[in-house]
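One structure is given here, and the rest of the page talks about it.
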Amino acid sequence: MSSCAHPGGIRKPAAFAALFIFCAAFGAGCRKSAERAAKPNVLIITVDTLRADRLGVYGNKDGLTPNVDALAKDGVVFEHAIAQVPLTWPSHAAIFTGTYPFHNGVEDFTGQPLSDKFRTLAESFKGNGYATGAVVSSFVLDRSWGLGRGFDYYDDAFSGQQFVQKDLGLVERRADESVDHAIRWLDGNAGKPFFFWLHLYDPHSPYDPPEPFASKFKKQPYDGEVAYADSQLERLFAWLKQPPHDVYDNTVIVFLSDHGESLGEHGEKEHGFFIYNSTVHIPLIIKPATDEKIAPGRTIAAAVESIQVGPTVLQVAGARDAIETQFEADSLVPFLNGQRSNAERSAYSETTYPLNSFGWSPLRSVQTDRLQYIEAPRQELYDLQADSPEGDNVAEQQAETAARMRNEVHNRQTRYNAPGHGNGGDSGAHSEVIDKLRSLGYVAYKAPPAAEGAKLADPKDKLPVFHDILRATDLMTTGNFAAAGTLLNKLQSEEPKLYLIPFLQGELAERAQQWSAAEKHFGRALQLNPGFDQAALGLARALGYEGKADKAVGLLESLVTANPRDFRALFLMAQIEARTNPQSGREALDKVLRIQPNFAPAYRERGMLNVAAQDYQAGAEDLSRAVATGLTDAATYNFLGICYSRLGRLNEAVDSYKKALGADPRLAQGHLNLGFAYERLGDKAGAVSEYKEACRLDRRICGMVAGHER
């Protein structure tokens, strides 16, 4: 009898039943305690936008990823892992639900949040007694999309200053900060079985690695971002291995990417537009908990899918959950233990980005370790072994193979997209999510529905238009408005029915504060695409600045009616209404903060309303929260100082005023307020010095401090 068998044939307790499942899957030795082996920790690491060919274990010779390569020696490498969609949020939704994008409804960033009909891995592990935590490194994975469900701790809070200084799509944090947060959470949950997800965003554009990686990889900044992210993972792996934690051996580690990056291949600069292997071929490494029957350093050549991660980690953890009936692909455990009993299957990928954002044809693909087929108006077939760059389309020469693989595409969709199995979630796209992704190379907009039976353009034919749109947005971002305007005018004549062109013209007019022109362009975009929320938001903003508050608020109310969680529309409504109806503005800000409690600008706006109402205690609370979530501008600190001063908290007022002046030394009002605080504290010399500086910066202040400067 095996030493794992329960004596006397007595029915096994739940812990031993879970151990039996784990032993059956991996042939685990029973020298470990039952409790430890029954609940291995699970760590999932996703590095955004990471090409497989940048890892040493996938053939790279530049030494970019020594720490991930070392991890691979302790686990199994899947040479041909395929992402189901080359976009950050939809790919992660597929990974954490084990479902195809066309089934779960999250196909790109113009769709719906993840419906609560779909269970997540975090919910499954939480239900199995695990502590669940996540640290995400980009606002793209904000909890409002639905992936925060099931996590005890979901760290998606970013510096509030970034919300002011950057396009929302660029709100992120570097790997060092995210790894710090991860280790802090792990420290606080030591001794418990954990399910933890760490997401690093660094290889995503724009490529701007910190030193010394910026200098070392000056000509290849993308590689510098990859090397930097790997360097930070060394600290996480060290935490797992070092006493008193010593949990590396008992931790299942899954390392993968959500998608790759084209870097110019096939004419695509980044990702999302095409589904060639530059963007859908991803690294996938699985290190099981210590198991003497799993040979480390093995590689698997078969094509596998990222949605197979969920079934795999659930099985290796010996956990059972209702999510198993949801999974749409098999576990990879047979590959891990050498049985390889599951039949080889093709891997599916898609992008609906060309359709949903531009009205062009979607692209769908299936591939094996040898062939890739892409369904498009002009279908494509590539022999990956003879033509790894996918440059020689052999669809015409191998028409029978192309037809068979085309049927596989349709069969996959038919099988997993049965009536009633769709998303069924909240209607309407989150316009804040659309906005935050705009600068990621996605141009995240929602095209009007195509007419039934309409012949859609092949994305390959529209690549020049796509590039011109991206170039126009880049020119706007860098402040070259004249060149952007010239290019947009050219595009307008070439693509008069493409709603994006007048929308971008509206944004250009908005940046120049030409509100009448902005109203005209945004209105034209809405005519071409009546359901385009971003154009409605832009039009409302223009109307607000033109003094047409009633029209602006009416537009915003329609957006909020369609999507009650649209906190960008609510925030703009609050700003407009606060000018004439502070109470309505406050109520809108309250709604914003209930939806997105880390949105620092809303705390600042509400704090300003409290100051205007002379409620300095509430003002101090809101403004200090704005500071705590990252707003470090001079105005916020100055008004926080005013609140503290009115509350008699003079030392705190002095500290706030000093921080305001640190942010803007030329803020005359800050020097004046600091002088008043010093005078009340009995620091006459300090007060005189600040009064003089305030008077020097703004002569209008001189009369206010007359008699106090001596």
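The values are calculated or read from the model by the stated rules, or taken from the named source; none is laboratory data. All values reported here derive from a predicted model rather than from experimental measurement. We place every Cβ from the backbone using ideal geometry, glycine too, and count neighbours over all the protein chains shown.
Applying the selection to the range 333-347, what residues are surrounded by 18 or more Cβ atoms within 10 Å (Cβ to Cβ) and touching a strand residue (DSSP E or B) at 6+ places or on another chain (Cβ under 6 Å)?
Taking the range 333-347 and keeping what is surrounded by 18 or more Cβ atoms within 10 Å (Cβ to Cβ), we get 333, 335-337, 346-347.
Selection gives Phe335, Leu336, Ser346, Ala347.
Among the residues of the range 60-89 satisfying the criterion of being outside any loop (DSSP other than H, G, I, E, B), within 23 Å of Ile374 (Cβ to Cβ) and β-branched (Val, Ile, Thr), which is farthest from the chain's Cα centre (by Cα)? Steps first, answer last, please.
Just the residues of the range 60-89 that are outside any loop (DSSP other than H, G, I, E, B), to begin with: 66-73, 76-82, 88-89.
Next cut, within 23 Å of Ile374 (Cβ to Cβ) only: 78-82, 88-89.
Pick out the ones that are also β-branched (Val, Ile, Thr) and you get 82, 88.
Values: Ile82: 19, Thr88: 6 Å.
Looking at the filtered set, the residue picked out is Ile82.
Of all residues in the range 173-201, how many are surrounded by fewer than 22 Cβ atoms within 10 Å (Cβ to Cβ) and within 14 Å of the chain's Cα centre (by Cα)?
Number of matching residues: 1.
Regarding the range 384-393, can at least one residue be identified that is among the polar types (S, T, N, Q) and modelled with pLDDT under 95?
So the first thing to find is which residues in the range 384-393 are among the polar types (S, T, N, Q), and the list is 385, 388, 393.
Imposing the further condition that a residue be modelled with pLDDT under 95 reduces the set to 385, 388.
Yes, the range 384-393 contains a residue that is among the polar types (S, T, N, Q) and modelled with pLDDT under 95.
Scan the range 90-116 for residues that are in a helix (DSSP H, G or I) and out of contact with any Phe, Trp or Tyr (no Cβ under 6 Å at 6 or more places or on another chain) and jot them down. Break it down into steps so the answer makes sense when it comes.
Initially, the range 90-116 is screened for residues in a helix (DSSP H, G or I), giving 90-97, 101-104.
Those that are in a helix (DSSP H, G or I) and out of contact with any Phe, Trp or Tyr (no Cβ under 6 Å at 6 or more places or on another chain): Pro90, Ser91, His92, Ala93, Ala94, Ile95, Phe96, Pro101, Phe102.
Scan Gly105, Gly63 and give me the residue that is surrounded by fewer than 24 Cβ atoms within 10 Å (Cβ to Cβ) and at pLDDT below 95. So that I can check it myself, show each step before the final result.
Numbers: Gly63 fails: at pLDDT below 95.
Going through Gly105, Gly63 in turn, the sole match is Gly105.
Quick grid of which residues meet (1) basic (Lys, Arg); (2) buried (at least 19 other Cβ atoms within 10 Å of the Cβ); (3) in the same structural domain as Trp89 (by TED's automatic domain parsing); (4) under 31 Å from the mean Cα position of the chain (by Cα):
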{"residue": "Ser349", "(1), (2), (3), (4)": "no, yes, no, yes"}
{"residue": "Gln385", "(1), (2), (3), (4)": "no, no, no, no"}
{"residue": "Asn393", "(1), (2), (3), (4)": "no, no, no, no"}
{"residue": "Glu400", "(1), (2), (3), (4)": "no, no, no, no"}
{"residue": "Met405", "(1), (2), (3), (4)": "no, yes, no, no"}
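Please determine whether any residue of the range 542-553 is closer than 30 Å to Ala578 by Cα and acidic (Asp, Glu). So that I can check it myself, show each step before the final result.
Looking only at the range 542-553, we keep the residues that are closer than 30 Å to Ala578 by Cα, and these are 542-553.
Those still in the list that are acidic (Asp, Glu) too: 546, 550.
There is at least one residue in the range 542-553 that is closer than 30 Å to Ala578 by Cα and acidic (Asp, Glu).
So which of Ala472, Ala447 is surrounded by 14 or more Cβ atoms within 10 Å (Cβ to Cβ), outside any helix (DSSP H, G or I) and either at pLDDT 85 or above or not polar (S, T, N, Q) (or both)?
Values: Ala472 fails: outside any helix (DSSP H, G or I).
The conditions single out Ala447.
Would the range 594-609 turn up any residue that is more than 24 Å from Tyr154 (Cα to Cα), in a loop (DSSP other than H, G, I, E, B), among the aliphatic types (A, V, I, L, M) and at pLDDT 90 or above? Break it down into steps so the answer makes sense when it comes.
Within the range 594-609, the subset more than 24 Å from Tyr154 (Cα to Cα) is 605-609.
Filter once more, so that each one left must be in a loop (DSSP other than H, G, I, E, B): none.
Looking through the range 594-609, none of the residues is more than 24 Å from Tyr154 (Cα to Cα), in a loop (DSSP other than H, G, I, E, B), among the aliphatic types (A, V, I, L, M) and at pLDDT 90 or above.
Anything in the range 183-192 that is touching a Gly at 6+ places or on another chain (Cβ under 8 Å) and modelled with pLDDT of 95 or more? List them, or say none. Walk me through it before giving the result.
Taking the range 183-192 first, the residues touching a Gly at 6+ places or on another chain (Cβ under 8 Å) are 185-186, 189.
If the condition is that a residue be touching a Gly at 6+ places or on another chain (Cβ under 8 Å) and modelled with pLDDT of 95 or more, then Trp185, Leu186 are the ones that fit.
Among the residues of the range 493-516, write down those that are under 19 Å from Tyr545 (Cα atoms), surrounded by fewer than 24 Cβ atoms within 10 Å (Cβ to Cβ) and touching an Asp or Glu at 6+ places or on another chain (Cβ under 9 Å).
Residues satisfying the conditions are Ala509, Trp515, Ser516.
Here is a yes/no grid of residues against (1) touching an Asp or Glu at 6+ places or on another chain (Cβ under 8 Å); (2) touching a residue at least 60 places away in the same chain (Cβ under 8 Å); (3) at negative phi:
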{"position": "Gln242", "(1), (2), (3)": "no, no, yes"}
{"position": "His245", "(1), (2), (3)": "no, no, yes"}
{"position": "Phe255", "(1), (2), (3)": "no, yes, yes"}
{"position": "His271", "(1), (2), (3)": "yes, yes, yes"}
{"position": "Ala289", "(1), (2), (3)": "yes, yes, yes"}
{"position": "Ala303", "(1), (2), (3)": "yes, yes, yes"}
{"position": "Val316", "(1), (2), (3)": "no, yes, yes"}
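Looking for something within 32 Å of the chain's Cα centre (by Cα), modelled with pLDDT of 95 or more, assigned to a helix (DSSP H, G or I) and buried (at least 21 other Cβ atoms within 10 Å of the Cβ) - is there at least one such residue anywhere in the range 642-652? So that I can check it myself, show each step before the final result.
Of all residues in the range 642-652, those within 32 Å of the chain's Cα centre (by Cα) come to none.
Within the range 642-652 (the criterion being within 32 Å of the chain's Cα centre (by Cα), modelled with pLDDT of 95 or more, assigned to a helix (DSSP H, G or I) and buried (at least 21 other Cβ atoms within 10 Å of the Cβ)), the answer is no, since none of the residues qualifies.
So if I check each of Gly260, Gly224, which one is in a loop (DSSP other than H, G, I, E, B), at negative phi and small (Gly, Ala, Ser)?
Values: Gly224 fails: in a loop (DSSP other than H, G, I, E, B).
So the residue among Gly260, Gly224 that is in a loop (DSSP other than H, G, I, E, B), at negative phi and small (Gly, Ala, Ser) is Gly260.
Could you run through the range 679-692 and say how many residues are of a type outside the set (Ser, Thr, Tyr), surrounded by 14 or more Cβ atoms within 10 Å (Cβ to Cβ) and free of Cβ contacts under 8 Å to residues at least 24 places away in the same chain?
Step one: list which residues in the range 679-692 are of a type outside the set (Ser, Thr, Tyr), which gives 679-688, 690, 692.
Next, only the ones that are surrounded by 14 or more Cβ atoms within 10 Å (Cβ to Cβ) stay: 679-681, 683, 686-688, 690, 692.
Applying the additional criterion that residues be free of Cβ contacts under 8 Å to residues at least 24 places away in the same chain yields 683, 686-688, 690, 692.
Residues in the range 679-692 being of a type outside the set (Ser, Thr, Tyr), surrounded by 14 or more Cβ atoms within 10 Å (Cβ to Cβ) and free of Cβ contacts under 8 Å to residues at least 24 places away in the same chain: 6 in total.
Mind checking whether some residue in the range 226-239 is among the aromatic types (Phe, Trp, Tyr) and either crowded, with 22+ Cβ neighbours inside 10 Å or within 21 Å of the chain's Cα centre (by Cα) (or both)?
Going through the range 226-239, the residues among the aromatic types (Phe, Trp, Tyr) turn out to be 228, 237, 239.
Adding the requirement that they be either crowded, with 22+ Cβ neighbours inside 10 Å or within 21 Å of the chain's Cα centre (by Cα) (or both) leaves 228.
So far as the range 226-239 goes, yes, one or more of its residues are among the aromatic types (Phe, Trp, Tyr) and either crowded, with 22+ Cβ neighbours inside 10 Å or within 21 Å of the chain's Cα centre (by Cα) (or both).
Report the residue count in the range 83-101 for those that are under 15 Å from Tyr348 (Cα atoms) and of a type in the set (Ser, Thr, Tyr).
3
Can you tell me which residues in the range 564-593 are in a loop (DSSP other than H, G, I, E, B) and either surrounded by fewer than 22 Cβ atoms within 10 Å (Cβ to Cβ) or free of Cβ contacts under 8 Å to residues at least 40 places away in the same chain (or both)? Spell out how you get there, then give the answer.
Start the filter on the range 564-593 by keeping residues that are in a loop (DSSP other than H, G, I, E, B), which leaves 564-566, 578-581.
Pro564, Arg565, Ala578, Arg579, Thr580, Asn581, listed by residue number.
Given the criteria at pLDDT 95 or above and assigned to a loop (DSSP other than H, G, I, E, B), does Asp458 qualify? Reasoning before the result, please.
Values: at pLDDT 95 or above: yes; assigned to a loop (DSSP other than H, G, I, E, B): yes.
In short, yes.
I'd like to know if the range 278-287 contains one or more residues that are hydroxyl-bearing (Ser, Thr, Tyr) and either within 23 Å of the chain's Cα centre (by Cα) or modelled with pLDDT under 90 (or both). Step through it out loud before you land on a result.
Step one: filter the range 278-287 for residues hydroxyl-bearing (Ser, Thr, Tyr), giving 278-279.
The next check asks that each one be either within 23 Å of the chain's Cα centre (by Cα) or modelled with pLDDT under 90 (or both); those that pass are 278-279.
Scanning the range 278-287 turns up at least one residue that is hydroxyl-bearing (Ser, Thr, Tyr) and either within 23 Å of the chain's Cα centre (by Cα) or modelled with pLDDT under 90 (or both).
Residue check: is Gln513 over 14 Å from Leu488 (Cβ atoms), touching a Phe, Trp or Tyr at 6+ places or on another chain (Cβ under 8 Å), among the polar types (S, T, N, Q) and assigned to a loop (DSSP other than H, G, I, E, B)? Lay out the reasoning, then the answer.
On the way: over 14 Å from Leu488 (Cβ atoms): yes; touching a Phe, Trp or Tyr at 6+ places or on another chain (Cβ under 8 Å): yes; among the polar types (S, T, N, Q): yes; assigned to a loop (DSSP other than H, G, I, E, B): yes.
In short, yes.
Working carefully through the options Leu200, Leu147, Leu141, Leu121, find the one that is in the same structural domain as Ala93 (by TED's automatic domain parsing), modelled with pLDDT of 95 or more, closer than 23 Å to Phe327 by Cα and of a type in the set (A, V, I, L, M, F, W, C). Show your work before the answer.
On the way: Leu200 fails: closer than 23 Å to Phe327 by Cα; Leu147 fails: modelled with pLDDT of 95 or more; Leu141 fails: modelled with pLDDT of 95 or more.
Just one listed residue meets the conditions, Leu121.
Which one of the conditions (1) crowded, with 18+ Cβ neighbours inside 10 Å; (2) under 30 Å from Glu495 (Cα atoms) does Arg378 fail to meet, given that it meets all the rest?
Result: Arg378 fails condition (1) only.
Please identify the pairs in which a residue from the range 385-397 that is without any contact (Cβ under 8 Å) to a residue 60 or more places away in the chain has its Cβ atom under 6 Å from the Cβ atom of a residue that is of a type outside the set (Ser, Thr, Tyr), counting only partners at least 6 apart or on another chain.
These pairs meet every condition: Gln385/Arg370; Asn393/Glu380; Val394/Leu381; Ala395/Gln379; Ala395/Glu380; Ala395/Leu381; Ala395/Ala402.
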